[in-house]
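Below you'll find the structure, written out as structure tokens, and then a few comments.
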Amino acid sequence: MKQAKPSKQHSPKFLPISLPEAQTRGWNEFDVIFVTGDAYVDHPAFGVPLLARLLESKGVRVGIIPQPDWRSKEPFMALGRPRMFFAVAAGAMDSMVAHYTPARKLRRDDAYTPGNRHGARPNRATIVYTSRLKEAYRDVPVVIGGIEASLRRFAHYDFWEDKVRRSALIDAKADLLVYGMGETPLLELVRRLKGGEPFGSIRDIRGTVYAASAPPEPASGVVELPSFEQVSSDTTAYADSFKLLSGEQNPACARIVTQRHAERYLVCNPPSRPLSEQALDAIYALPFVKAPHPSYKEAIPAYEQIRTSITTHRGCFGGCAFCAITHHQGKTIQSRSEQSVLQELERLTALPWFRGSVSDIGGPTANMFGLSCGDKAAGDKCRRESCLFPKICPNLVTDDARSSRLLSKARRVSRIKHIAVSSGVRYDLLERQPNYLRELVAHHVSGLLKVAPEHLTDRVTSVMRKPGRACFERFSDSFQKESTKIGKKQYIVPYFISGHPGCTLSDMVDLALMLKRWGMRVEQVQDFTPTPGTLASCIYHTGIDPLTREKVYVAKTDREKGLQKSLLLYHVPQELKNILLALKECGREDAAAELFGGRR
């Protein structure tokens, strides 16, 4: 794919993606150059522009090379040699997830590319980009980060090759890996480089990983995982490694973690500490244009989806087995101030293209805004993966005063006609948040509310680390009562996952029957994809829950996973044949009469 050419009418508001654009700022060279697999959209929902803007605010001369053609080194030389380092990210998604369906079939689109075209980034983009940069400038350090590098920082199961791969840092031959959200480690790295420290001597920054010829000095503060050679050949060792690592996610008590790869040692420093409210407010006050670079002539679907969205917080304490958010953003909820969010809404309404609707106000889970642990001493020692599973932690403060007040004030901002909450809610939390529920139902649902129970058979939701059927039924009743109270006809649209570890064909029959009895129909079902770093992926690979050591059933074949998906589409005539086959295979032919009635 051809790179976008810089616009002749370049606006100095955007960060430079070419040398002529840099020269309009009076720059002849850069301090840091970002290379990303996404198009350049100057919006805080895109990771690289956010980090680049943050460095810019500290006086760093920053450039971006978006979606370079990786087939030669020349596109990676477009901005010249940076004084400090290259910063590489595959993009907002793992490049393999972006390229392939859960059935490992090639996708034909890419929402982060102009025109929604596939092919603007390579497979394993972090590795490929680093290789090209080393080919172009062998002596310039390369720092890798983003979701792909972050979740692949240790030896990890790779679904697309069906094997355990080495750390992305080792495979890419990069100089440093930044995991998590990245602001604090990058700022610290730049500060120390400005102070004259050699890049190779900086080895103690939180949220970073490096490779060494020898492990750190033995101490109580170091945890050694089974080696790459062990975990790649022994699923029990892989499960043991995952369990050890899962206990080192809390920045307040996490230790250095090492893992040997042949003669090299991977050394992972403890996670970065959560950002303060003041620090988060400062990031979202940066001068984002909230638009794609003017060189792009085609729409970028990912931008169109989020351009009127507002992020209120980051982090998630849900700990769902299939989700990577906790592993990347952390378990601690980091919330912006009410004033910061309202000010961003006012800036949004002033944009010439704004028409009155805000597509989302929330975060990974919208109703976690403003929540925290109520016992700091206990929180500093906590090694739980979830504050909600198997039951809500007694130390969790679930008060909804801040979140409901923010929604109420936000919808009163001048020129705003409607604000949706589309980033998802935890309905088990809503049981303790009556004010937020009332505000949500009355003002932020346009007839349909999307929620993600993922499954409703308790045995499966237990593996998922999600609330079960009874909780969903209570929520559904509460939602309908609130809607009726205000005279609105509103409905719940549930999202489900098929083929998740722990789920059998019979479990999917039970779920289909529940939906049939409740009069619910789903139009889409998400096939489970084992993505690097998650608990569910570990279970998929090993057949073991690493935290309990219990064996777990795993649907491995595309055929069975396809049949599971078909069962939830009982109302689609084209799925009849597959559903009857699924019912026969699990000995549940008796369910056909209820699922189909007279339609056979």
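The values are calculated or read from the model by the stated rules, or taken from the named source; none is laboratory data. On a predicted model such as this, the values are computed, not experimentally measured, just so you know. Cβ placement follows ideal geometry from the backbone for every residue including glycine, while neighbour counts extend to all protein chains displayed.
General observations
- Scanning segment 259-287 for residues that are touching a Leu at 6+ places or on another chain (Cβ under 8 Å) and buried (at least 17 other Cβ atoms within 10 Å of the Cβ) yields a total of 4.
- Filter result (surrounded by fewer than 15 Cβ atoms within 10 Å (Cβ to Cβ) and of a type in the set (V, I, T)) within segment 455-490: T484, I486
- The lone exception for Y210 - which of (1) closer than 22 Å to V142 by Cβ; (2) in contact with a strand residue (DSSP E or B) (Cβ under 8 Å, 6 or more places away or on another chain); (3) surrounded by fewer than 18 Cβ atoms within 10 Å (Cβ to Cβ) it fails: (3)
- Condition check for G119: surrounded by fewer than 17 Cβ atoms within 10 Å (Cβ to Cβ), over 16 Å from V97 (Cα atoms) and either small (G, A, S) or not assigned by TED's automatic domain parsing to the domain that holds H327 (or both): no
- Segment 110-125 - residue that is assigned to a loop (DSSP other than H, G, I, E, B) and under 18 Å from the mean Cα position of the chain (by Cα) and, of those, nearest to I65 (Cα to Cα): Y112
- Counting only residues that are in contact with a Leu (Cβ under 9 Å, 6 or more places away or on another chain) and either β-branched (V, I, T) or without any contact (Cβ under 8 Å) to a residue 60 or more places away in the chain (or both), segment 525-564 holds 5 of them.
- Number of positions in segment 284-316 that are assigned to a loop (DSSP other than H, G, I, E, B) and out of contact with any Gly (no Cβ under 6 Å at 6 or more places or on another chain): 16
- Number of the condition not met by C503 [criteria: (1) at pLDDT 95 or above; (2) closer than 19 Å to L456 by Cβ; (3) out of contact with any helix residue (DSSP H, G or I) (no Cβ under 6 Å at 6 or more places or on another chain)]: (3)
- Restricting segment 532-544 to residues that are in contact with a strand residue (DSSP E or B) (Cβ under 8 Å, 6 or more places away or on another chain) and part of a loop (DSSP other than H, G, I, E, B), the residue that is surrounded by the fewest Cβ atoms within 10 Å (Cβ to Cβ): G543
- Each residue in segment 322-379 was checked for being part of a helix (DSSP H, G or I), of a type in the set (G, A, S) and without any contact (Cβ under 8 Å) to a residue 40 or more places away in the chain, and 2 pass.
- In segment 227-248, the residues that are surrounded by fewer than 20 Cβ atoms within 10 Å (Cβ to Cβ) and not charged (D, E, K, R): S227, Q230, S232, S233, T235, T236, A237, L244, S246, G247
- Residue tally, condition part of a loop (DSSP other than H, G, I, E, B) and of a type in the set (F, W, Y), over segment 39-85: 3
- Top-ranked residue of segment 94-112 - restricted to ones that are surrounded by fewer than 21 Cβ atoms within 10 Å (Cβ to Cβ) and of a type in the set (A, V, I, L, M), ranked as nearest to H293 (Cα to Cα): A111
- Any hit, segment 69-87, residues being among the small types (G, A, S), closer than 30 Å to H156 by Cβ and modelled with pLDDT under 95: no
- Of the candidates S414, S403, S422, the single residue that is within 21 Å of R347 (Cα to Cα) and surrounded by fewer than 18 Cβ atoms within 10 Å (Cβ to Cβ) is S414.
- Qualifying residue in segment 511-521 (condition: of a type outside the set (D, E), within 26 Å of A98 (Cβ to Cβ), touching a helix residue (DSSP H, G or I) at 6+ places or on another chain (Cβ under 8 Å) and not assigned by TED's automatic domain parsing to the domain that holds R383): no
- For D139, the requirement of being in contact (Cβ under 8 Å) with a residue 24 or more places away in the chain and of a type in the set (D, E, K, R) is not met.
- Residue selected from segment 517-531 under the condition part of a loop (DSSP other than H, G, I, E, B) and of a type in the set (S, T, N, Q), by the criterion nearest to L568 (Cα to Cα): Q524
- Test result for S566, outside the structural domain of D158 (by TED's automatic domain parsing), crowded, with 22+ Cβ neighbours inside 10 Å and closer than 13 Å to V463 by Cβ: no
- Filtered residues of segment 166-175 (kept if outside any helix (DSSP H, G or I) and crowded, with 19+ Cβ neighbours inside 10 Å): R166, S167, A174, D175
- K516 vs. criteria crowded, with 17+ Cβ neighbours inside 10 Å, basic (K, R) and touching a Leu at 6+ places or on another chain (Cβ under 9 Å): yes
- The listed residues are R347, R336, and the only one of them that is among the basic types (K, R), more than 30 Å from T461 (Cα to Cα) and surrounded by 16 or more Cβ atoms within 10 Å (Cβ to Cβ) turns out to be R336.
- Selected residue (criterion: surrounded by the most Cβ atoms within 10 Å (Cβ to Cβ)) from residues of segment 432-454 that are modelled with pLDDT under 95 and over 24 Å from S498 (Cα atoms): V445
- Only a single criterion out of (1) within 23 Å of M77 (Cβ to Cβ); (2) assigned to a helix (DSSP H, G or I); (3) touching an Asp or Glu at 6+ places or on another chain (Cβ under 9 Å) is not satisfied by V143, namely (2).
- Cβ-Cβ contacts under 6 Å between residues 6 or more apart (or on different chains), taken from a first residue in segment 211-236 that is modelled with pLDDT of 95 or more to a second residue that is aromatic (F, W, Y) and not in a loop (DSSP other than H, G, I, E, B), are listed as A212/Y265; V231/Y238.
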